[in-house]
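Q: Take this structure first; my questions come after.
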């Protein structure tokens, strides 16, 4: 006779990783049924923070040869930086010269 595995039910998790137990789900449902005062809600910005300290940061995009791309990735990794940071610095140096 073959063994039958018991179905294991896992509770869903919130975006922060908190397990949403039936008790938490019931409390959230009760709160939603009472209604929310949206005038007290805080607006949350989505996306990455601005590089200029406020407002949008324009995006730049360009193509490179595979050799240049690999060399830039290697350099960024050696310096513990992102490829975007490396490219930003290179363009800034170029336009200042």
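Bear in mind these aren't lab numbers, they're just calculated from the coordinates by the rules spelled out. All figures in this text were calculated on a predicted structure; none of them were measured in a lab. Glycine also receives a Cβ, built like all others from the backbone with ideal geometry; neighbour counts cover every protein chain displayed.
Q: Per residue of the chain, what 222 nm ellipticity follows from adding -39500 (n - 2.57) for every DSSP H run with n ≥ 4, rounded to the nearest 500?
A: Numbers: 3 runs with 41 residues, N = 97.
It comes out at -13500 deg cm²/dmol, rounded to the nearest 500.
Q: Rg and Dmax of segment 51-97 over Cα atoms: what are they, in angstrom?
A: Taking only Cα atoms of segment 51-97, I get Rg and Dmax of 12.1, 35 Å.
Q: Relative to the longest principal axis of the C-alpha atoms of the chain, give the angle of the C-alpha long axis of helix 66-79, reported between 0 and 90° and rounded to the nearest 10°.
A: Computed tilt is about 70 degrees.
Q: Provide the packing ranking of 18-29, 55-66, 76-87, 38-49, i.e. peptides ordered by the mean count of other C-beta atoms within 10 Å per residue, highest first.
A: In decreasing order of mean packing, 18-29, 55-66, 76-87, 38-49 become 76-87, 18-29, 55-66, 38-49.
Q: I would also like to ask the following. Kirkwood Rh and Cα-based Rg: tell me the resulting Rg over Rh for the chain, rounded to two decimals.
A: Values: Rg = 24.7 Å, Rh = 19.8 Å.
That ratio is 1.25, to two decimals.
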